[in-house]
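J.: Questions regarding the structure given below will be posed in turn.
No value in this document is a laboratory result; all are computed from the given coordinates. Keep in mind that what you see is a predicted model, and the values were worked out from it rather than measured. Ideal geometry is used to build each Cβ from the backbone, glycine not excepted, and the neighbour counts take in all protein chains shown.
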Amino acid sequence: MIEILDLEYIYPESDSDFALRGLSFQLHSGESVALMGSNGSGKTTLARCLNGLLLPASGSVVVDKMSTADEDQLHEIRRHVGMVFQNPDMQIVTTTVEREVAFGLENLGLDHAEMVQRVDEALARFHLSSYRQIPPHRLSGGERQRLALASVWVMQPSYYVMDEPTSLLDPKTREEIRNFIRVETKANRGMLLITQFPEEALWCERLLVLHDGKLVFDNPPETVFQNQDVLKEMGLDVPIHTELQAYVRRLGFEDRI
Amino acid sequence: MKIEFKEVSFEYRSSLLPTHQALEQISFQIGPGEIVAIVGPSGSGKTTLLQHLNGLLSPTSGQILIDDQDLHTQPKLIQQIRRRIGVAFQFPEIQLFEETVFEDVAFGPKNLGEDEAKVEQSVRSALKLVRLNYNQYEDRSPFHLSGGEQRRVALAGILAMNPDVLVLDEPTVGLDRASSDCVMQVIQTFRASGKTVIFVSHNMDLVATLADRILVLENGKITFDGSRPDLFSNNKILVRAALTHPQVVSWMQSLAEKGLPVRTDVYSIPDAKAEMDRVLRSDL
């Protein structure tokens, strides 16, 4: 379990005040949780607190009983919490697709055969096998996004924190991410999915809504999306089908559709 | 401005890697006042195509004509064209680098040799287009803005050059509704003044809302060039090119399947509501 308790964060070198103002929630193993919020609401900052890239000003983030405040545990915490950044170029560091996927594994002390096998599996899983020797910069945006995900998946983290991982994917591949979330949660991994697409929040069991550094909702997505006016006020949309359905209901024709 | 591709092919070549044919025999013409969306699976050549539009890449064979002049036979033309075709690649905000928003947006106009007063005027009108208040933002550091504000500053930097054509690669990725709406408005305003917009997106709702015309790229080839209704009623191409229906369309289709006589070539939420009003109320 990742347990976030009264988490506060203040941007360094900024005159503005809190980025996160006292958040508490839990992400359990085997659970999928979506996180929505307008630009500047603190989503990415929150994500970066979950594996100790950022440390809270007060409150705590505890991953499987390890606090991110404990420097000796950070290495282990980062093995437990796999981060997929919004822009894949922020995390790609090597010169070929194959090396990129092997990069994290190299520090785990695996024997060669196992490493090769795991890299092969990851490349196949994310349809990258034919690009092994290609430099990542030669891939398309969507392919680089799959590469970033493959490099995290290969490490078998206990939790995934994914910051808009579908943003550059074509609609078909986006559906595969939905399936990925289902498979990984079934394998008892925890998922935090940051998204701008309300339709993607429906893939998850819970939806957290962040506004101005505070947690406004922590409910099943269907429940949250009944509050269309409140969400619009915060600059967020409900799924298009939800909005159209609500409109039909308001017209009094629900029985017709 | 008229842009014409004549049988443009492009190969990525390198001594270490197998040659990759990224574009094959691409031909099209885009005139002023058009909004053209380019869609297709990841890796189909969309970004490579955009990189040809301002001479960042040159074709292995074929011609690119800008107002009937061949872009690659006259080196000087490429310099001119880069002023007139503004390009924002994916996540353009990572290229913000100046200390203040003003300096960042002013970078292009200053390079064009505009005098101080003219530069300020260009910056003011560009920031206005992306709906950032000049007085509130001019002195702020671009690095302390939200992702949505940064994207808008990056776009303002391009608009400040007053280009004739705007080329955008996934312009709304990562943006919330307010910033997305702002980008959509920029695109529509731009076209309304008789200029051209070419954008790449995987977001079919965005494509359906904005595009006058859609090009589908598959494996480096154009496999469709036509209107929204023609594309979104063509299931064969949608499936083959890893595309989906816009959500408004899939909603209307589900009503049609239930026997309601609604049109399915409806692309925006207000239009969908109006169409449901019309049909549900009329056969009371």
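J.: Between a first residue in segment A:57-68 that is on the phi < 0 side of the Ramachandran plot and a second residue that is among the small types (Gly, Ala, Ser) and not in a strand (DSSP E or B), which pairs have beta carbons less than 7 Å apart while being 6 or more apart in sequence or on different chains?
T.: A:Ser60/A:Ala69; A:Thr68/A:Gly52
J.: Scan segment B:176-193 residue by residue and report those that are within 14 Å of chain A (Cβ to nearest Cβ) and either free of Cβ contacts under 8 Å to residues at least 24 places away in the same chain or in a helix (DSSP H, G or I) (or both).
T.: Listed by number, the residues that qualify are B:Arg177, B:Ala178, B:Ser179, B:Ser180, B:Asp181, B:Cys182, B:Val183, B:Met184.
J.: Suppose we filter segment A:87-120 for residues that are exposed (fewer than 13 other Cβ atoms within 10 Å of the Cβ), among the acidic types (Asp, Glu) and closer than 19 Å to A:Pro136 by Cβ; how many remain?
T.: Counting residues in segment A:87-120 that are exposed (fewer than 13 other Cβ atoms within 10 Å of the Cβ), among the acidic types (Asp, Glu) and closer than 19 Å to A:Pro136 by Cβ gives 1.
J.: Out of the helices (runs of 4 or more DSSP H) lying entirely within segment A:18-108, which hold 2 or more residues that are within 14 Å of another protein chain (Cβ to nearest Cβ)?
T.: So the answer is A:43-50, A:97-103.
J.: So, one more: Identify all residues within segment B:148-175 that are within 11 Å of another protein chain (Cβ to nearest Cβ) and either aromatic (Phe, Trp, Tyr) or touching an Asp or Glu at 6+ places or on another chain (Cβ under 7 Å) (or both); write none if there are none.
T.: B:Gly148, B:Gln150, B:Arg151, B:Gly174
J.: Separate question: Kindly evaluate B:Leu215 against the criterion of being surrounded by 20 or more Cβ atoms within 10 Å (Cβ to Cβ) and more than 12 Å from chain A (Cβ to nearest Cβ).
T.: Yes: the conditions hold for B:Leu215.
J.: Among the listed residues B:Thr209, B:Thr244, B:Thr223, which satisfies the condition of being under 20 Å from A:Gln196 (Cα atoms) and not in a helix (DSSP H, G or I)? First the steps, then the outcome.
T.: Values: B:Thr209 fails: not in a helix (DSSP H, G or I); B:Thr223 fails: under 20 Å from A:Gln196 (Cα atoms).
B:Thr244 is the lone residue from the list that is under 20 Å from A:Gln196 (Cα atoms) and not in a helix (DSSP H, G or I).
J.: For segment A:148-176, name all the residues that are surrounded by fewer than 20 Cβ atoms within 10 Å (Cβ to Cβ) and without any contact (Cβ under 8 Å) to a residue 40 or more places away in the chain. Reasoning before the result, please.
T.: Of the residues in segment A:148-176, the ones surrounded by fewer than 20 Cβ atoms within 10 Å (Cβ to Cβ) are A:155-156, A:158, A:171-172, A:175-176.
Matches in segment A:148-176: A:Gln156, A:Pro171, A:Lys172, A:Glu175, A:Glu176.
J.: Let me ask something else. I need the full set of residues from segment B:1-59 which are among the aliphatic types (A, V, I, L, M), assigned to a loop (DSSP other than H, G, I, E, B) and within 11 Å of chain A (Cβ to nearest Cβ), in order please.
T.: B:Leu16, B:Leu17
J.: Moving to a separate point now. Scanning for something free of Cβ contacts under 8 Å to residues at least 60 places away in the same chain, on the phi > 0 side of the Ramachandran plot and touching a helix residue (DSSP H, G or I) at 6+ places or on another chain (Cβ under 8 Å), does segment B:138-146 turn up at least one residue?
T.: So far as segment B:138-146 goes, no, none of its residues is free of Cβ contacts under 8 Å to residues at least 60 places away in the same chain, on the phi > 0 side of the Ramachandran plot and touching a helix residue (DSSP H, G or I) at 6+ places or on another chain (Cβ under 8 Å).
J.: Moving to a separate point now. Could you grab me the full set of residues in segment A:153-183 that are away from every other protein chain (no Cβ under 14 Å) and touching a Phe, Trp or Tyr at 6+ places or on another chain (Cβ under 7 Å)?
T.: Scanning segment A:153-183 gives a single hit, A:Ile181.
J.: Where residues in segment B:253-283 are facing chain A (nearest Cβ under 9 Å) and among the aliphatic types (A, V, I, L, M), which of them is farthest from A:Tyr247 (Cα to Cα)?
T.: Looking only at segment B:253-283, we keep the residues that are facing chain A (nearest Cβ under 9 Å), and these are B:254-255, B:258, B:260, B:269, B:272-273, B:276-277, B:280-281.
Remaining after also requiring among the aliphatic types (A, V, I, L, M): B:255, B:260, B:269, B:272, B:276, B:280.
On the way: B:Leu255: 14, B:Leu260: 16, B:Ile269: 10, B:Ala272: 10, B:Met276: 9, B:Leu280: 12 Å.
The residue in question is B:Leu260.
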